[in-house]
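Colleague: This is the structure, below, for whatever I ask next.
A short reminder: the numbers here are calculations on the coordinates, not readings from a lab. Computed from a predicted model, the values in this text were never measured in an experiment. Don't worry about glycine lacking a Cβ; one is built from the backbone with ideal geometry, like all the others, and counts go over all protein chains shown.
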Amino acid sequence: MSLETRPVTVNLGPQHPSTHGVFRMRVTFDGEEIIDVEPIFGYLHRGSEKLAEERTYSQIVTLTDRMDYVSSMLNNQAYILAVEKLCNIVPSPRGVWLRMIASELQRIASHFVATGFLLQDLGALGTPLIYCMRERENILDLFEMLCGARITNSYLRPGGVFMDAPDVFWPALSRSLGDIEKSIDEIEDYLSGNEIIFSRTKGTAVLSSESLVNASITGPMLRASGVDWDLRHRNPYDYYSEITFKRILHTASDNYARYWVRVQEMRESLKIISQCIKNIEPGPVRPSFDDVPRLVRPEPGDSYAAIEGSKGELGFYLVSDGGISPYRMHVRAPSLINLTLLREMLVGELFGDLFVIFGSVDLNMGEVDR
Amino acid sequence: MIKEWRGNFLAKKIELKIKNSVEKFDEKNVWINPQKLHEVCKMLKEDSLFEFDLLNSLTSVDYIDHFEVIYHFTSISYSSSCIIKCKVGYSRKNPQIDSVIDLWRGADYQEREIWDLMGIKFIGHPNLKRIMLWDGFPGHPLRKDFVTYDQSIVTSRGGE
Amino acid sequence: MDMGYSFGIIPSGFEWLAFILSAISLIGLVINGVLGGVIVLIWGERRLFGRFQNRTGPNRWGPYGILTPVADAIKTMFKEDILPKDADRLLYNLAPIMVVVPVLIVFSVIPFGLGSFVVDLNVGILFVLAITSISSLSVLTAGWSSGNRIAILSALRSVALLISYEIPMGLAVIGVIMLSGSLSLGSIVESQQIPYILVQPLGFFVFFLAAMAEMARAPFDLTEAESELAAGHLNDYSSMKFALFFLGEFMAELATAAIVTTLFLGGWKGPDFIPSEFWFGVKLVFVLFLIVWFRMTLPRLRVDQVLQFAWKGLFELTMINIITTAIFMYIWPEPGVKELLILAAINWPVAIISIWGVSKILGTKQYENLESLKNENAYPYSFKTLPSEFYHEKVEEGKIK
């Protein structure tokens, strides 16, 4: 006797609990095996790029917060770098050190979220997620001291930051650094040797480094395949050239490698922050309003600045026509571009791994759809 | 440090390999003839002098009388980068350009995004559909002549 | 004619009425006790979740939030009862009943204390194994009748789990049956001079894990894997039907804990100065805590790994257990405490070695020499540099001619 089998097409999302927001996939299954995937975007599209054309350069900072809302400091930094490049602004040293501290803290927070949600996707019923979120809360408390906001910071301004860190910030920061170090150890003790996590993440969604580079995929995903490509090292923006840190590389290029690279990068970020604390000196946190007015009017031209965001190369392309608002703003969103090979990663895997692979990309729908 | 190719050197080298491909250049940028774009991109990717294997960013700007498509390339082995631009769609009629998706997979979603929001057609793209907006959305919102909903209300009231 | 207890109260010829009345009151006692237990269990589990996750857990309704499950139940009952358009109406309505009833029946054979049980079947353990399988059938029914593709996937997984884990579960009990020489749960408890967990560590290990899989609890919660299938077969259920599924799930947890207690932890046995029901309760709470602990800490296994674990891991372990126990029973057909302690001394090393061996065979291998791979096979196979004038030289704007 032979049974007739038919592939089943299922819509996963946009209301599925683990699509990290409002992502939608049209997945075709043959039993448990995935045979086709079609990603569908746009459920969170807010037209940030169009909105930016009607706002001044300082106002756009608030728009960038809302793109990748778990790493808003990094978005601010990338945008501000593009503005500074466009206007030839020389930033104040103290402001630069402060924004480097802020963005490295944000990178740790973002990686905590990525790790926590990866484990949530593995089915750990919230416990590791809440542990990771607890550490992120510490960092958000620090941001609250810095700028009064926790998630949508809008802390950076062309030329530096908008206010100096209060006195209570520095002891709190050095205390948090120790706490975070300890909690990373804790998470690693608990997770990296766990047989279930290891057996589910090892060897799934392996991609060659050639195909990753060809698909413009950057960030921890690329470093997990062994390509030594970190813009903080390759193209040191801000004062990263004065800082020494280890580039974290893994060669397996599977889900475990991505997870491992993120966890190790958090440690390196801690080292970077402690070096920044050593180097920071008193001074103004931004140039005076005579040098950099509130309404900057750059010369006509364009600029592209990219930083190593928490998810990959985060770039801003700005075109100025001499007015107070950009003629065109484009965001090179790593979350969107890292999804390019989603189909290649998923086809042939089992349904249980679908959202684990999806989560290992570490995407944020606010940034995918903008 | 990633070194940026200067416009004149890049233009010279490209012109040496492929005749009549460079339209214009300045200190940073090189404008390529849209007809030769795919050929130039293939050369930029495969020639041992350039080896631009990473397509950082692909975007477009509406300059009212024409559109401009901007490519940012990086070579990982040379640690160098360059900017290639292309002017298409003069007098806003039927802007179209060759797709580079066969050279860089990373162009996939970025080209779809440009088609969706700016309305530039990429010839040879296998799945050129709207990505951010839904099918049947009127117009391409990032164009300068796109009338938003708010603006449409204001103009209709003003007309009354 | 034996008048017995009905003498003077019930007219002669109606003794069956006394029988029915006592049966109904007993059944009412057990069912209400179980439902009350479920309410406490839901509250306790959520409080424990809170503690595991570094938060307080429910604490608003009643002292320490103990009335939260009641509030939940009332809320759930007042929700709209949805029937999907594609649903098979009869099966869709039948499935929630099929979840609850078999689990309730299981409680009828469990001895809660010295002499406190509804019925002592002489094939008690077989009855339990047979009845609990019906729960998986109800998941299949629910998934199929919803007319929802995700629910059907959940139903298929449930059947795969049932087929795989029924076998190690049944085989794990054989050791206990051999030692006690009876299938009746009452006499199994009575024959435990020392708790069988000491004598049958492998049996306990396999039975506990298989039971977790059978009731689809983490790390085997494939049927309602939240991050994959949303809620699996429960996707389309709402209102009272959902509440029944919820109830059935927690009653299954309670029933599993009760059976594990009965088979391996000595049931109601304990020092005599405290009532036997208390000892049963203490052991029950301990097993429930173990289940919650497992659920809280471990991520989910993939479906192929779950089935592999049953067939390649648990099956072998039960075979080892049966063989050692059989050899022992051949030498001492009627073991006393001393002989049982000897068996324990043999079985614990056997258990530890065999579990270690199976984990070595089934475990995932570590990456091989990662350090040496670094930078050699990495993508840009060589780094090159161009003369610097390519990058830095002033130019004038213009066209090439």
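Colleague: Step through the residues of region C:227-232 one at a time and calculate ³J(HN,Hα) from phi using the Karplus curve (6.51 cos²θ - 1.76 cosθ + 1.60, θ = phi - 60°), rounding each to whole Hz and writing x for Gly and Pro.
Modeller: 7, 10, 9, 6, 10, x
Colleague: For peptide A:226-239, what's the mean number of Cβ atoms from other chains within 10 Å of each residue's Cβ?
Modeller: Working: counts 8, 5, 7, 7, 0, 2, 0, 1, 5, 7, 2, 0, 0, 0.
If you average over the peptide's residues, the count of other-chain Cβ atoms is 3.
Colleague: Using Cβ contacts closer than 10 Å as the measure, can you line up A:229, B:134 from fewest to most? If you can, show how the numbers build up before the last one.
Modeller: Values: A:229 27, B:134 11.
The order, fewest Cβ neighbours first, is B:134, A:229.
Colleague: Report, in debye and to the nearest 20, how large the dipole of chain C comes out about its Cα centre when Lys and Arg carry +1 and Asp and Glu carry -1 on their Cβ.
Modeller: Details: 27 positive and 32 negative charges, 179 e Å.
So the dipole magnitude of chain C works out to roughly 860 debye.
Colleague: Here's another thing I want to ask about it. Shielding by partners for A:324-332, please: the mean number of other protein chain Cβ atoms within 10 Å of each residue's Cβ. Can you show the working numbers first?
Modeller: Values: counts 0, 0, 0, 4, 10, 2, 12, 2, 6.
Partner Cβ neighbours, averaged per residue: 4.
Colleague: Once the Cα gyration tensor of region A:124-229 is diagonalised, what are the square roots of 5 times its eigenvalues, in whole Å and ordered largest first, as equivalent ellipsoid semi-axes? Mind dumping the intermediate values first?
Modeller: Numbers: eigenvalues 216, 102, 28 Å².
Output for region A:124-229: semi-axes of 33, 23, 12 Å.
Colleague: Using modelled backbone amide H atoms (1.01 Å from N, in-plane), which distant-in-sequence or interchain residues come within less than 5 Å of residue A:59's amide H?
Modeller: none
Colleague: Based on the alpha carbons, how large is the Rg to Rh ratio for the protein assembly as shown when Rh follows Kirkwood?
Modeller: On the way: Rg = 33.6 Å, Rh = 31.6 Å.
Checking Rg against Rh, the ratio lands at 1.06.
Colleague: Given A:160, C:125, C:271, which one lies farthest toward the positive end of the charge dipole of the protein assembly as shown, if we put +1 on the Cβ of every Lys and Arg and -1 on the Cβ of every Asp and Glu?
Modeller: The one lying farthest along the dipole's positive direction is A:160.
Colleague: So how strong a dipole does chain A carry about its Cα centre when Lys and Arg Cβ are +1 and Asp and Glu Cβ are -1, to the nearest 20 debye?
Modeller: Details: 37 positive and 49 negative charges, 135 e Å.
Around 640 debye, computed over chain A.
Colleague: Now for a separate question. Would you be so kind as to identify which of B:67, B:29, B:54 lies farthest towards the positive end of the dipole of region B:23-99, taking Lys and Arg as +1 and Asp and Glu as -1 on Cβ and the Cα centre as origin?
Modeller: Looking along the dipole axis, the top candidate is B:67.
Colleague: Quick check: the distance between the Cα centres of region A:316-346 and region A:48-117, to the nearest angstrom?
Modeller: For region A:316-346 versus region A:48-117, the Cα centre distance is 14 Å.
Colleague: Among all the aspartates and glutamates, which ones have a C-alpha under 14 Å from residue B:12's C-alpha, if same-chain residues fewer than 8 places away are not counted?
Modeller: B:23, B:26, B:27, C:389, C:393, C:396, C:397
Colleague: For the pairs C:241/C:312; B:42/B:93; B:45/B:129, flag any whose C-alpha to C-alpha distance is greater than 29 Å.
Modeller: Numbers: C:241/C:312 37 Å; B:42/B:93 27 Å; B:45/B:129 26 Å.
Those over the limit are C:241/C:312.
Colleague: For residue A:15 paired with residue C:360, estimate the spin-label separation in nm (one decimal), with each label point 7 Å from Cα along the Cα-to-Cβ line.
Modeller: Each label point lies 7 Å from its Cα, and together they span 5.3 nm.
Colleague: Here is a further query. Report ³J(HN,Hα) in whole Hz for each residue of region B:73-79, in order, from the Karplus equation J = 6.51 cos²θ - 1.76 cosθ + 1.60 where θ = phi - 60°; Gly and Pro get x.
Modeller: Residue by residue, region B:73-79 yields 10, 9, 10, 6, 6, 8, 6 Hz.
Colleague: Next question, about the same structure. Which aspartates and glutamates, on any chain, are close to residue C:283 with Cα under 19 Å apart, when same-chain ones fewer than 8 places away are left out?
Modeller: Within the straight-line limit of under 19 Å, residue C:283 reaches these aspartates and glutamates: C:45, C:190, C:253, C:272.
Colleague: Using amide H atoms built 1.01 Å from N in the peptide plane, name the residues 5+ places from residue A:349, or on other chains, whose amide H lies under 5 Å from its own.
Modeller: Close amide H contacts, sequence-distant or interchain: A:34.
Colleague: At 0.36 nm per residue, and after removing the present C-alpha to C-alpha distance, how many nm does the segment from residue B:137 to residue B:47 gain when stretched out fully? Kindly include the intermediate steps, with their values, before the conclusion.
Modeller: Values: separation 90, 0.36 × 90 = 32.40 nm, distance 4.12 nm.
Going from the current span to full extension adds 28.3 nm.
Colleague: On to the next question. Under the definition of partner shielding as Cβ atoms of other protein chains within 10 Å of a residue Cβ, what is the mean value for peptide C:295-308?
Modeller: Details: counts 3, 4, 7, 9, 17, 9, 7, 13, 6, 4, 5, 1, 0, 1.
Partner Cβ neighbours, averaged per residue: 6.
Colleague: If contacts are Cα pairs under 8 angstrom and at least 6 residues apart, what is the relative contact order of chain A in percent?
Modeller: Numbers: 708 pairs, mean separation 100.8, N = 370.
Computed value for chain A: 27 percent relative contact order.
Colleague: Need one number: nm distance between label points at residue A:186 and residue C:350, each 7 Å from Cα along Cα→Cβ, rounded to one decimal.
Modeller: 4.2
Colleague: Neighbour counts of other C-beta atoms within 10 Å: give me A:99, B:143 arranged from fewest to most.
Modeller: Values: A:99 27, B:143 19.
Least to most surrounded, the residues fall as B:143, A:99.
Colleague: Now for a different question. Antiparallel versus total DSSP beta bridges in region B:3-159: what percent is that, nearest 5? Mind dumping the intermediate values first?
Modeller: Numbers: 20 of 29 bridges.
Roughly 70 percent of the beta bridges in region B:3-159 run antiparallel, per DSSP.
Colleague: Packing-wise, with mean Cβ within 10 Å as the measure, how do C:232-239, C:192-199, A:140-147 rank, highest first?
Modeller: Numbers: C:232-239: 21.9, C:192-199: 20.4, A:140-147: 17.9.
The most tightly packed comes first, giving C:232-239, C:192-199, A:140-147.
Colleague: Beta carbons within 10 angstrom, averaged per residue: use that to sort the peptides C:248-256, A:245-253, highest first.
Modeller: With the highest mean Cβ count within 10 Å placed first, the list reads C:248-256, A:245-253.
Colleague: A further question on this structure: May I have the convex hull volume per residue, in Å³, for the Cα set of chain C?
Modeller: So the per-residue hull volume is 288 Å³.
Colleague: Note the angle between two axes, namely the Cα long axis of helix B:107-117 and the longest principal axis of the Cα atoms of chain B, as a number of degrees from 0 to 90, rounded to the nearest 10.
Modeller: Approximately 30 degrees, to the nearest 10.
Colleague: Follow-up. Using R₀ = 35 Å, calculate the FRET efficiency as 1/(1 + (r/R₀)^6) where r is the Cβ-Cβ separation of residue A:247 and residue A:168; round to 0.05.
Modeller: On the way: r = 34 Å, r/R0 = 0.96.
Taking R0 as 35 Å, the efficiency between residue A:247 and residue A:168 is 0.55.
Colleague: Something else: Amide H to amide H, which residues 5 or more places from residue B:3 or on other chains are under 5 Å from it, using H placed in the peptide plane?
Modeller: Placed amide hydrogens put B:80, B:81 under 5 Å from residue B:3.
Colleague: Calculate the tail of P(r) for region B:1-142: the fraction of all Cα-Cα distances greater than 18 Å, expressed in %.
Modeller: That fraction is 55 percent.
Colleague: Is any helix in chain C, taking whole DSSP H runs, at least 24 angstrom long along its axis by alpha carbon and on average at least 0.5 on the Kyte-Doolittle scale, and which ones? Please list the in-between numbers first.
Modeller: Numbers: long enough: C:15-52 (54 Å, 1.38); C:89-106 (27 Å, 2.02); C:124-145 (32 Å, 1.65); C:149-180 (46 Å, 1.69); C:239-264 (38 Å, 1.40); C:276-297 (32 Å, 1.50); C:315-331 (25 Å, 1.59); C:337-362 (36 Å, 1.54).
In chain C, the long hydrophobic H runs are C:15-52, C:89-106, C:124-145, C:149-180, C:239-264, C:276-297, C:315-331, C:337-362.
Colleague: Still on this model: Given a Förster distance of 25 angstrom, what is the FRET efficiency for residue C:272 paired with residue C:122, based on the Cβ-Cβ distance and rounded to 0.05?
Modeller: Working: r = 27 Å, r/R0 = 1.07.
That pair, residue C:272 with residue C:122, gives E of 0.40.
Colleague: Going by how many other beta carbons lie within 10 Å of each one, how would you line up A:329, C:77, A:73, C:212, fewest first?
Modeller: Numbers: A:329 25, C:77 12, A:73 29, C:212 22.
Listing A:329, C:77, A:73, C:212 from fewest to most nearby Cβ atoms yields C:77, C:212, A:329, A:73.
Colleague: Roughly how many nanometres apart are two label points built 7 Å out from the Cα toward the Cβ at residue C:293 and residue C:82?
Modeller: Each label point lies 7 Å from its Cα, and together they span 3.9 nm.
Colleague: Determine the dipole magnitude for region C:10-78: charges of +1 sit on the beta-carbon of Lys and Arg, -1 on that of Asp and Glu, nothing else is charged, the reference point is the Cα centre, and the result goes in debye to the nearest 20.
Modeller: Details: 6 positive and 3 negative charges, 114 e Å.
For region C:10-78, the charge dipole is close to 540 debye.
Colleague: Looking at region A:1-82, which GluC sites (Glu not before Pro) are in a loop (DSSP not H, G, I, E or B) and have at most 10 other Cβ atoms within 10 Å?
Modeller: A:4
Colleague: Please work out the FRET efficiency for the pair residue C:190 and residue C:240, using the Cβ-Cβ distance as r and a Förster radius of 35 Å; give the result to the nearest 0.05. Walk me through the intermediate numbers first.
Modeller: Working: r = 41 Å, r/R0 = 1.16.
Efficiency at R0 = 35 Å is approximately 0.30.
Colleague: Dipole of region A:174-247 (Lys/Arg Cβ +1, Asp/Glu Cβ -1, origin at the Cα centre): which of A:218, A:196, A:241 lies farthest to the positive side?
Modeller: Among A:218, A:196, A:241, the one farthest towards the positive end of the dipole of region A:174-247 is A:218.
Colleague: Could I ask something else about it? Averaged over every viewing direction, what's the projected area of the C-alpha convex hull for chain A? Give it in nm², one decimal, please.
Modeller: Working: hull surface 76.2 nm².
Seen from a random direction, the Cα hull of chain A projects 19.0 nm² on average.
Colleague: Order of A:17-30, C:148-161 by packing, highest average Cβ count within 10 Å first? Don't jump to the answer; show the numbers that get you there.
Modeller: On the way: A:17-30: 18.6, C:148-161: 22.9.
Per-residue mean Cβ counts within 10 Å order the peptides as C:148-161, A:17-30.
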